[in-house]
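K.L.:
The structure is given below, and queries will be raised subsequently.
The values are calculated or read from the model by the stated rules, or taken from the named source; none is laboratory data. Since the structure is predicted, the reported quantities are computational estimates derived from the model, not experimental observations. Please note: Cβ atoms are built from the backbone with ideal geometry, for glycine as well, and neighbour counts cover all protein chains shown. To get the accessible areas, we keep the full protein, side chains included, count just its heavy atoms, and leave off ligands, DNA and RNA. Shrake-Rupley method; radii C 1.70, N 1.55, O 1.52, S 1.80 Å.
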Amino acid sequence: MTDATATCSITCSIVHHSPGRLRLRLPGLNRSEMLANSVQQSLEQTSGIQQIRLNRAAQCFVVHYHPDCLSPGQILDQVTAVERDPMSPPVTPSVSAITSPTSPPASESFGAALTPSLLAAALAWLSGRPRLAALRPLALLSLLVAVFPTAQRAWESVRDERRLNIDGLDLLALSLGAWQGRLLTPALTLTLHELGDGIRQQTARRTEVQTADLRDTIGRFAWVQGPGEDSPGQVPSDRVPVEARVIVYPGEQIPVDGTVLRGEATIDQQGLTGEAMPVVRRPGDRVWASTLVRSGQLELRAERVGAQTRAAASLDLLRKAPVQDTRMANYAAKVADRLIWPSLLLAGITLATSRNPARAAAILTLDFVTGIRVSIPTAFLGALNHTTRHGILVRSGRTLEGLAEVDTLVFDKTGTLTQGTIAIAGVRSRPEGLPAERVLQLAAAAEQQLTHPLAEALVRYSQEQGLSLPVRDHWSYDLGLGVEAEIEGQLVWVGSQRFLQEAGVDWCGQPQGGELLKGLEGESLIYVACDRRFQGVIHYTDPLRPESQVLLERLQHLYGIEIYLLTGDHPRRAAEVAQQLGIPPERVQAEAFPEDKARMVRELHRSGRTVAFVGDGLNDSVALAYADVSVSFAQGSEIARETADVVLMNDCLTDLLQAIAISRQTRSLIEQNIALVVGPNLAALGLATTVGLNPLLATAIHNGSAIAAGLNSLRPLVVHQLHWEPNQEGQ
């Protein structure tokens with residue numbers, strides 16, 4: 001225990017601290033409810049904080065935290081920042097601060113905590129042998145060292161919070177056992193406690209969201225054309241003057257939000273809006289920072305710069321997202337809080353009536369908690385191991401708990417339910433014209449070596465069909481319309497309907513495609529003409545993932561989960577996908593920017609639903625952060641992977657079914673473990689209270705039930721033929 005006052009503090013100071021526990025004094029806490037609420041809200045939204053208890057009358061508060069994640073100085077700095085400006089948004093320590101190189105790895109602290117109790121147990125066992133009785137003083141000393149953290153926590157709870165906690169109950173039971181000369185029993189009990197706590201911390205790991213730097217997202221520099229200058233100069237993207245003229249070249253990210261003044265370009269907006277198909281922007285059109293110029297060149301008027309851009313707003317929403325409590329629910333603490341005083345009262349009555357310390361020790365030993373503290377974390381550890389074997393990365397035990405409770409799944413469309421790439425769906429040729437294969441061959445030859453996604457899809461599809469591409473001679477590309485090329489002596493036009501009309505193409509009795517377009521209403525089309533005669537159409541799409549339909553059917557029928565679809569794509573395409581997958585129109589929202597997706601997730605959550613969001617792009621990261629459980633893919637954007645609680649490493653949507661099945665069966669396993677622990681201990685407690693029970697037998701029942709529950713938790717790891725498949729009830 002140390003007394004300290006940080007130099008950076010205004011009035012807040014550290015009264016004392018021990019590993020994982022900190023007490024601070026904050027004058028004014030008793031007078032300002034706003035300050036108290038701001039401090040509590042800020043700390044509750046910080047990763048690594050386990051519990052906060054405010055005592056406004058005493059102007060102090062106690063913080064329980066993970067020492068592997070936070071230091072007392074970081075917590076004090078955060079409270080000081082809130083104290084300076086209680087009206088400011090909650091501030092959480094940065095990733096670099098939390099992952100301080102001075103913090104020991106979790107595995108090292110786990111071993112350090114377990115070592116004293118293991119040593120005490122070993123020495124107690126050895127000292128029980130007649131030839132090694134001389135080791136008994138050393139065994140007693142090692143037990144005192146091992147029990148010191150428990151005694152310290154019990155004392156601090158009584159002194160600071162005026163209440164007896166589970167550590168106090170443990171200390172009484174351990175003391176009675178040691179007083180009777182049984183050193184092995186308390187040493188083994190301590191070992192089991194430390195083992196359970198260590199496993200719980202391992203399964204409660206939270207992966208920090210490493211939000212992308214804004215300048216990485218929108219590009220670090222912009223080309224700005226100053227008044228009277230012959231050529232543009234390079235300016236940091238966040239220092240571009242508003243109203244400045246910005247030049248964006250092919251292959252560059254647009255660094256500002258603005259309006260096109262001159263030029264035409266094909267813009268890839270998938271990262272920001274989720275649209276799979278590139279769009280063409282011309283003078284007068286709006287463009288957004290972080291989108292990519294695939295071809296063409298633009299001159300823009302800068303309107304929003306740096307932190308004011310739409311991309312910056314998305315990242316700001318992500319940073320302000322509430323930090324989910326990634327610690328799994330501590331069932332043992334809940335049970336312990338309710339049983340402390342009944343157990344203590346019962347032990348006192350038994351001691352007073354029987355005058356037998358052994359019977360009182362037996363009652364205190366049967367606390368129902370040790371088995372739960374060990375078996376529940378072990379169940380999560382086994383489930384997390386099993387998900388990894390199936391190619392599913394699950395961040396924490398809390399995520400498994402959340403998955404088991406999910407009743408609403410919100411899907412992004414592009415790259416999630418669809419493949420996120422342009423694919424050629426088919427070719428139709430005019431009956432009296434060229435064969436379909438020749439139409440495809442000419443179109444692919446005209447488009448070859450262009451960087452447009454549709455051109456790449458045409459070339460790829462023709463190669464899959466085994467077609468060789470003839471040499472393209474003279475050619476010209478009209479941005480956003482199409483390409484004109486000379487191929488093997490023939491003039492070929494490939495592009496939009498408007499492009500062919502402006503070229504004066506003869507539609508051969510099929511104006512604008514005529515009969516060829518039957519059944520293709522609403523499809524994306526590219527028209528082909530040869531020697532100014534219309535020859536056919538090629539239709540393309542962003543195809544559904546093969547597993548999407550099966551997945552959604554099973555989610556709805558097996559688990560009763562409601563499905564929603566959010567996309568930045570056009571309403572027509574969103575409606576088509578929803579109809580194919582059986583999603584009701586009222587659960588579909590199109591043209592949704594990142595903040596729209598986050599708003600929908602928050603509204604569903606506020607309505608009492610447990611919401612999981614599935615997405616893979618930058619535009620999905622905000623909604624991922626606000627969901628109860630977030631799911632992404634190994635091939636998704638880096639920020640989506642870092643934000644997600646669940647990452648499907650095989651990039652297969654059906655793995656989500658496995659994850660949900662594992663989570664629900666883990667919940668069933670935990671319920672079994674609670675029964676395994678509570679049943680025997682309850683029966684033993686009845687015996688200890690009425691006819692008496694030897695403390696060694698009580699310890700055997702107590703620890704035996706804990707071991708049985710722990711082994712039950714390990715079944716998924718040792719029974720390899722066990723398959724985590726959903727049954728007909730979805731359990």
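K.L.:
List the relative contact order of the stretch 566-721 as a percent without decimals, with contacts defined as Cα pairs under 8 Å and 6+ residues apart.
P.N.:
12
K.L.:
While we're here: Using a 10 Å cut-off on Cβ atoms, rank the peptides 484-493, 439-448 from the highest mean neighbour count down.
P.N.:
Ranked from most to least packed, the peptides come out as 439-448, 484-493.
K.L.:
Something else: Sort LEU118, LEU400 by accessible area with a 1.4 Å probe, largest first.
P.N.:
LEU118, LEU400
K.L.:
With +1 assigned to the C-beta of every Lys and Arg and -1 to the C-beta of every Asp and Glu, and no other charges, what is the dipole magnitude of the stretch 529-671 about the Cα centre in debye, to the nearest 20?
P.N.:
It works out to roughly 300 debye.
K.L.:
Continuing with the same structure: What whole-number value in Å² describes the accessible area per residue of the stretch 474-532 for a 1.4 Å probe?
P.N.:
Value for the stretch 474-532: 48 Å² per residue.
K.L.:
Which residues' amide hydrogens lie under 5 Å from the amide hydrogen of PHE221, considering only partners 5 or more residues apart or on another chain, with H built in the peptide plane?
P.N.:
Hits under the 5 Å cutoff: SER237.
K.L.:
Ranked highest first by average number of other Cβ atoms within 10 Å, how do 463-476, 149-162, 288-301 line up?
P.N.:
Going by the mean number of other Cβ atoms within 10 Å, highest first, we get 288-301, 149-162, 463-476.
K.L.:
Principal axes first, then extents: for the Cα atoms of the stretch 368-482, list largest minus smallest coordinate on each axis, whole Å, largest first.
P.N.:
Dimensions of the stretch 368-482 along the principal axes of its Cα atoms: 83, 29, 26 Å.
K.L.:
For the stretch 463-543, just say rounded, prolate or oblate: build the C-alpha gyration tensor, square-root its eigenvalues into a ≥ b ≥ c, call rounded for a/c under 1.5, and beyond that prolate if a/b exceeds b/c, oblate if not.
P.N.:
oblate
K.L.:
Further question: How about the stretch 518-600: which GluC sites (Glu not before Pro) there lie in a loop by DSSP and see at most 16 other Cβ atoms within 10 Å?
P.N.:
Hits after loop and neighbour filter: GLU521, GLU523, GLU547, GLU591.
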